[in-house]
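Chemist: Got a structure for you, written out below as structure tokens; questions coming shortly.
The values are calculated or read from the model by the stated rules, or taken from the named source; none is laboratory data. Just so we're clear, the structure is a prediction, and the values are computed from it rather than from any experiment. Positions of Cβ are generated from backbone atoms using ideal geometry, with glycine treated the same way; all protein chains shown enter the neighbour counts. Heads up: the accessible areas ignore ligands, DNA and RNA and are worked out on the full protein's heavy atoms, side chains in. Shrake-Rupley method; radii C 1.70, N 1.55, O 1.52, S 1.80 Å.
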Amino acid sequence: MSGGIFILSGAGLSAESGLKTFRAEDGLWEEHRVEDVATPEAFARDPALVQRFYNERRAAVAAAQPNAAHEALAQLQAAYDAPVHLVTQNIDDLLERAGAAVVIHMHGDVTLALCADCGHRWRAPVEMAVGEQCPACDAAAARPDIVWFGEIPYHMDRIQAALEDSDLFVAIGTSGNVYPAAGFRQLAQQLGIKTLELNLDTSGAAFDEVRTGPASKVVPAWVAEVLAH
Ligand code: APR
Ligand code: ZN
């Protein structure tokens, strides 16, 4: 282990930037059924509804600004004397816009379009239309570059290697409801890695240490502590 830090973030990291989380009472899954907007079957059945859902997400992300937590994580990755693996379930680009050099998006990235035919990726228009053409193969097969329920999360080999390369696992702003991300804490514990949760309220999972409070306060305080050592 090179003493790296593995950081798994969820929707709570971006909540104070104004982006909705999923499972709060005003969450995205209260307003929309997953099976209507976030599965391959939904996209096949009603591509206009799915494109509209992600066009709304993309516009919200474009209007959002990184908060102090994103800034602190970007600073940690730049300043820490060992690797800081920023693995996120979030589909926004706020960590990158805060200056983070390497972010692993295991559920995809709403700023990107993916060609379902040839696999080409490109910067998505804010409003992606049904049947948008792929600039590489001309197929009318553009979809949001999002990992939908029932699809395989991206970069799992990189994520496994990053975890094995670390001696601290930190979960920030995630309810731990969705696998495989929810399984990373147990994997860390099996590897003998210390686990820390930073969350508005604890998710209730068994971490070695839990610090509660809004990410924009708790994350910068923790980063300052880590960099002071
Ligand atoms: N600061 C810190 N944590 C917060 C804040 C905040 N300001 N606001 C909310 N949280 C925490 C909540 O306590 C909760 O634990 O963020 C978490 C949000 O949980 P979810 O809405 O379930 O989001 P997430 O864990 O990211 O969901 C995982 O589920 O639907 C899929 O693909 C989707 O990536 C998503 C995955
Ligand atoms: Zn293509």
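Chemist: For residues that are outside any helix (DSSP H, G or I) and surrounded by fewer than 18 Cβ atoms within 10 Å (Cβ to Cβ), scanning just region 65-103, find the one that is nearest to ligand 1 (Cβ to nearest atom).
Modeler: Per the stated criteria, the residue is 65.
Chemist: Among the residues of region 1-57 satisfying the criterion of being acidic (Asp, Glu) and part of a helix (DSSP H, G or I), which is least open to solvent (accessible area, probe 1.4 Å)? Working first, answer last.
Modeler: Filtering region 1-57 down to residues acidic (Asp, Glu) leaves 16, 25-26, 30-31, 35-36, 41, 46, 56.
Within this subset, residues satisfying the condition of being part of a helix (DSSP H, G or I) are 30-31, 35-36, 41, 56.
Values: 30: 120, 31: 98, 35: 88, 36: 46, 41: 113, 56: 88 Å².
Applying the filter and picking the extreme gives 36.
Chemist: Let me ask another. So if I check each of 188, 182, which one is within 21 Å of residue 153 (Cα to Cα), assigned to a helix (DSSP H, G or I), touching a helix residue (DSSP H, G or I) at 6+ places or on another chain (Cβ under 8 Å) and not assigned by TED's automatic domain parsing to the domain that holds residue 28?
Modeler: Working: 182 fails: touching a helix residue (DSSP H, G or I) at 6+ places or on another chain (Cβ under 8 Å).
One residue alone meets the criteria, 188.
Chemist: Across region 165-209, what is the number of residues that are of a type in the set (S, T, N, Q), modelled with pLDDT of 95 or more and surrounded by 16 or more Cβ atoms within 10 Å (Cβ to Cβ)?
Modeler: 5
Chemist: Using the structure shown, decide if residue 53 is outside the structural domain of residue 199 (by TED's automatic domain parsing), touching a residue at least 12 places away in the same chain (Cβ under 8 Å), hydrophobic (A, V, I, L, M, F, W, C) and in contact with a His (Cβ under 7 Å, 6 or more places away or on another chain). Spell out how you get there, then give the answer.
Modeler: Working: outside the structural domain of residue 199 (by TED's automatic domain parsing): yes; touching a residue at least 12 places away in the same chain (Cβ under 8 Å): yes; hydrophobic (A, V, I, L, M, F, W, C): yes; in contact with a His (Cβ under 7 Å, 6 or more places away or on another chain): yes.
Yes; evaluated as a whole, the condition is true for this residue.
Chemist: Taking region 113-124, which residues are open to solvent by 40 Å² or more (accessible area, probe 1.4 Å) and away from ligand 2 (no atom under 13 Å from the Cβ)?
Modeler: Of everything in region 113-124, just one residue is open to solvent by 40 Å² or more (accessible area, probe 1.4 Å) and away from ligand 2 (no atom under 13 Å from the Cβ), namely 123.
Chemist: Among the candidates 82, 113, 44, single out the residue that is within 30 Å of residue 195 (Cβ to Cβ) and among the aliphatic types (A, V, I, L, M). Before you say what the answer is, go through the steps one by one.
Modeler: On the way: 113 fails: within 30 Å of residue 195 (Cβ to Cβ); 44 fails: within 30 Å of residue 195 (Cβ to Cβ).
When all the criteria are applied, what remains is 82.
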